[in-house]
Amino acid sequence: TTLFRSRCGLAQDVAKAAELFIRGVEAKSGLAMAYLGRAYEEGRCGLAQDAAKAAELYTRGAFEINNGLAMAYLGIAYEEGRCGLTQDSTIALRLYQAGAKAKSGHAMAFLGRAYEEGRCGLTQDSTIALRLYEAGAEAKS
């Protein structure tokens, strides 16, 4: 995502970012599917906002590639009823758990929040939440 932000002395180039994400999706990169899905969901990188395309990319990344970040983003979409998906906290919880198992720091953070706030049908548990937050901070993705 660095390409659509001005960092490290690089000029912002949203068209290049979108191009690289698309190439990554074509190469079956789950991470690219998650990032391109996010770009479509938010209407970034010069792409028109397209919730259905975002949901499709998150789903492909999560289930075809087993990418933890895609699972986390798809989980948020289900929990909040975004991207044209029907709100379903049970599916969201399963996606957060699967993403955490795949070592996604984002999924661990979302699962931690669910424990901290007693969301997705979970009993509030700050001890488990803290462990998940710490594991998420140490995760590589």
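The values are calculated or read from the model by the stated rules, or taken from the named source; none is laboratory data. Keep in mind that what you see is a predicted model, and the values were worked out from it rather than measured. Positions of Cβ are generated from backbone atoms using ideal geometry, with glycine treated the same way; all protein chains shown enter the neighbour counts. The area values use the complete protein model at the heavy-atom level, side chains included, leaving out ligands, DNA and RNA. Shrake-Rupley method; radii C 1.70, N 1.55, O 1.52, S 1.80 Å.
Here are the numbers for this structure:
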{"read-out": "Residue ID - most open to solvent (accessible area, probe 1.4 Å), chosen from residues in segment 21-45 that are in a loop (DSSP other than H, G, I, E, B), in contact with a helix residue (DSSP H, G or I) (Cβ under 9 Å, 6 or more places away or on another chain) and not hydrophobic (A, V, I, L, M, F, W, C)", "value": "28"}
{"read-out": "Any hit, segment 52-72, residues being buried (at least 24 other Cβ atoms within 10 Å of the Cβ), in contact (Cβ under 8 Å) with a residue 60 or more places away in the chain, within 23 Å of residue 138 (Cβ to Cβ) and in contact with a helix residue (DSSP H, G or I) (Cβ under 7 Å, 6 or more places away or on another chain)", "value": "yes"}
{"read-out": "Scope segment 60-84; condition closer than 15 Å to residue 97 by Cα and among the β-branched types (Val, Ile, Thr); matching residues", "value": "76"}
{"read-out": "Extreme residue, least open to solvent (accessible area, probe 1.4 Å), among residues of segment 73-83 that are farther than 23 Å from residue 24 by Cβ and touching a residue at least 12 places away in the same chain (Cβ under 8 Å)", "value": "79"}
{"read-out": "Single residue of 48, 15 found to be in a loop (DSSP other than H, G, I, E, B), open to solvent by 60 Å² or more (accessible area, probe 1.4 Å) and among the hydrophobic types (A, V, I, L, M, F, W, C)", "value": "48"}
{"read-out": "Qualifying positions in segment 114-138 - surrounded by 17 or more Cβ atoms within 10 Å (Cβ to Cβ) and out of contact with any Cys (no Cβ under 8 Å at 6 or more places or on another chain)", "value": "115, 116, 119, 120, 122, 129, 132, 133, 136"}
{"read-out": "Segment 120-140 residues that are modelled with pLDDT under 95, paired with ones that are open to solvent by 80 Å² or more (accessible area, probe 1.4 Å) and assigned to a loop (DSSP other than H, G, I, E, B) (beta carbon under 9 Å, 6 or more apart)", "value": "139/103; 140/103"}
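Rundown of residues vs (1) under 22 Å from residue 22 (Cα atoms); (2) in contact with a Gly (Cβ under 9 Å, 6 or more places away or on another chain); (3) of a type outside the set (Lys, Arg), yes/no style:
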residue	(1), (2), (3)
44	yes, no, no
65	yes, yes, yes
68	yes, yes, yes
78	no, no, yes
91	no, yes, yes
105	no, yes, yes
109	no, yes, yes
121	no, no, yes
